[in-house]
Amino acid sequence: MKNNRFVYFVLLPIFILLAVFFVLPIVGGFAISFFDYNPLRAINHFIGFENFGKLISDKIFLKSTVNTLVFVGITVTLNIFITLVLAQLISMLPWAKFRAFFRVVFFMPCVAPLIASSVVWGGLYATKYGLINNMLKNLFGIAPVNWLGTASHVMPAIIIFTLWADIGYNIILFSAGMDGIPPDFYEAAEIDGAGMIKKFFYITLPLLGRTVSFVVAMTIISHFQMFAQFQVLAKLGGPENSGNVLTYYIYKTAFQTKDMGYASAIAVVLFILIMIVTVIQQRLNRVEWGY
């Protein structure tokens, strides 16, 4: 009994922090969504589900939802594929120093502030003097592309930047998971004549199941919440709201139009969307075994 009291006493500050900075903001945001809330007004009226009803007819919200799902679906898929391949290639290097060097190189963009990186890439995407357009023109003879000013190019440009900025973290996680696989499995496969591709699909990938499940879940959650690159690269939501996502729309509604009740309703929808997608992903990638 005394030991239990000591454990509760030690964990009490953590529970308080979780309640103050995690539980209370969620409950508060959910409560505000039922009000016509403006922090500059003295009285804010309770309007029930009116904010949620407005979402159905809000074309910008519907466009932002589609953009968010497209962005998350494409970036997460490409991220997992690219990081798995790169982690496998790095793990095949014969020298430990080479493996450490390449992991550091790929991880460096993750350390840089996302706002600063977005500003730099905004210069790279510049139509007239941008490095990307100059390379396309000099190497392939392609005319300059207005990456950030054309509705059809804004989202691909942001996806490319996000992949560059984010793959390093997952490479580290996958590399750690691959290093933890016992070498006996690979030795037995080599005896049976298995090549590199078969070893990857029949040994590495199955035994990396728990790591893949964790990485996919965390990547989905983080990509749903991405905001900085959309604010910098897709200014004001981009042309025809082609770069407008739910996080940016929440920010714009809450802090520019000061309609925090409606912004909270959008945030609740985003929260529910993340929960649904994450639960489905966890169900599909459930791993019940170990090695």
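All told, Phe230 falls short of being farther than 16 Å from Ile60 by Cα and within 17 Å of the chain's Cα centre (by Cα).
Here Asn44 fits the description: polar (S, T, N, Q) and more than 25 Å from Asn244 (Cα to Cα). In summary, helices (runs of 4 or more DSSP H) completely within the stretch 166-244 and bearing 1 or more residues that are closer than 30 Å to Ala126 by Cα occur at 209-224, 228-233. Residue-level check: of (1) β-branched (Val, Ile, Thr); (2) under 30 Å from Ile160 (Cα atoms); (3) surrounded by 13 or more Cβ atoms within 10 Å (Cβ to Cβ), Thr77 misses just (3). Which one is surrounded by the most Cβ atoms within 10 Å (Cβ to Cβ) among residues in the stretch 91-126 that are under 21 Å from Thr162 (Cβ atoms) and polar (S, T, N, Q)? Among those residues, the one meeting the criterion is Ser118. Residues that are under 25 Å from Val245 (Cα atoms) and part of a loop (DSSP other than H, G, I, E, B) within the stretch 32-41 comprise Ser33, Phe34, Asp36, Tyr37, Asn38, Pro39, listed in sequence order. Taking every residue in the stretch 155-170 that is closer than 15 Å to Val145 by Cα and pairing it with any residue that is surrounded by fewer than 19 Cβ atoms within 10 Å (Cβ to Cβ) and among the aromatic types (Phe, Trp, Tyr), at least 6 positions away or on another chain, yields no pair with a Cβ-Cβ distance below 8 Å. Checking every residue in the stretch 267-275 against the condition of being of a type outside the set (Val, Ile, Thr), in contact with a Leu (Cβ under 7 Å, 6 or more places away or on another chain) and either at pLDDT 90 or above or not in a loop (DSSP other than H, G, I, E, B) (or both) gives at least one match.
When you look at Asn138, is it over 22 Å from the mean Cα position of the chain (by Cα) and either farther than 25 Å from Arg99 by Cα or buried (at least 20 other Cβ atoms within 10 Å of the Cβ) (or both), yes or no? Here the answer is yes, as Asn138 does meet what is asked.
Among the residues of the stretch 32-62, those identified as exposed (fewer than 14 other Cβ atoms within 10 Å of the Cβ) and without any contact (Cβ under 8 Å) to a residue 40 or more places away in the chain are Arg41, Ala42, Ile43, His45, Phe46, Gly48, Phe49, Gly53, Ile56, Ser57, Lys59, Leu62. Picking from residues in the stretch 169-190 that are aromatic (Phe, Trp, Tyr) and more than 14 Å from Ser91 (Cα to Cα), the one that is modelled with the lowest pLDDT is Phe185.
Only one entry in Leu93, Leu163, Leu131, Leu136 is of a type in the set (A, V, I, L, M, F, W, C), in contact with a Pro (Cβ under 9 Å, 6 or more places away or on another chain) and either over 24 Å from Asn67 (Cα atoms) or at pLDDT 95 or above (or both), namely Leu136. Among residues belonging to the stretch 110-128 that are touching a helix residue (DSSP H, G or I) at 6+ places or on another chain (Cβ under 7 Å) and not small (Gly, Ala, Ser), point out the one that is modelled with the lowest pLDDT. Filtering first and then ranking leaves Thr127. Residue count for the stretch 81-97, restricted to those that are among the polar types (S, T, N, Q) and more than 19 Å from the chain's Cα centre (by Cα): 2. The set of residues in the stretch 250-260 that are assigned to a helix (DSSP H, G or I) and more than 18 Å from Thr162 (Cβ to Cβ) comprises Ile250, Lys252, Thr253, Ala254, Phe255, Met260.
Looking across the stretch 139-148 at every residue that is farther than 24 Å from Asp166 by Cβ and either among the small types (Gly, Ala, Ser) or touching a helix residue (DSSP H, G or I) at 6+ places or on another chain (Cβ under 9 Å) (or both), the one that is modelled with the highest pLDDT is identified as Asn146.
The values are calculated or read from the model by the stated rules, or taken from the named source; none is laboratory data. Computed from a predicted model, the values in this text were never measured in an experiment. Every residue, glycine as well, gets a Cβ built from its backbone with ideal geometry; the counts of neighbours run over all protein chains shown.
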